[in-house]
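Below: one structure, written as structure tokens.
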């Protein structure tokens, strides 16, 4: 048993931030086409996102290789991660990051976003560039934009 400690959502150089997690960060193994690497390696996933019936985008397929463009979808690239294969016990899913898991806010404003995140009222609109990199564009609570970011 390990004792936990509070996480200070503050970066000494950049200020307060909110930790964000997404449904698209968990990739079910049955969505991965082309198989898994057979040797330990630094890896990245190409992840095809398609709009779901609820209006949010979800994982349609993923690959350790590239994916071909397809109408009504976008292809995001995960952040690099270390993949270690376990042939006797293949993973049922992979957890990946996209580089949009932290959102920096003015000091003292993070608590509102954390509370909204914890009650599933927080939504993030992200842009995906032609290389599959994601950038947060809008943070909204109950559909109302709270923060809007310019493209860079």
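The values are calculated or read from the model by the stated rules, or taken from the named source; none is laboratory data. Quick caveat: nothing in here was measured; it's all calculated off a predicted structure. We place every Cβ from the backbone using ideal geometry, glycine too, and count neighbours over all the protein chains shown.
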Exercise for review: Provide a single number: the residues in the stretch 107-121 that are within 18 Å of the chain's Cα centre (by Cα) and in contact (Cβ under 8 Å) with a residue 40 or more places away in the chain.
Suggested key: 3
Point to revise | Number of the exception - residue 88 against (1) over 15 Å from the mean Cα position of the chain (by Cα); (2) within 19 Å of residue 148 (Cα to Cα) | key: (2)
Review point. If we scan the stretch 20-38, do we find a residue that is closer than 22 Å to residue 103 by Cβ, without any contact (Cβ under 8 Å) to a residue 40 or more places away in the chain and not in a loop (DSSP other than H, G, I, E, B)?
Key: yes
Review point. When the stretch 122-141 is examined, which residues are found to be touching a residue at least 24 places away in the same chain (Cβ under 8 Å) and exposed (fewer than 12 other Cβ atoms within 10 Å of the Cβ)?
Key: 131
Exercise for review: Return the residue satisfying two criteria in turn: it lies in the stretch 11-37 and is exposed (fewer than 13 other Cβ atoms within 10 Å of the Cβ) and more than 17 Å from residue 94 (Cα to Cα), and of such residues it is modelled with the highest pLDDT.
Suggested key: 14
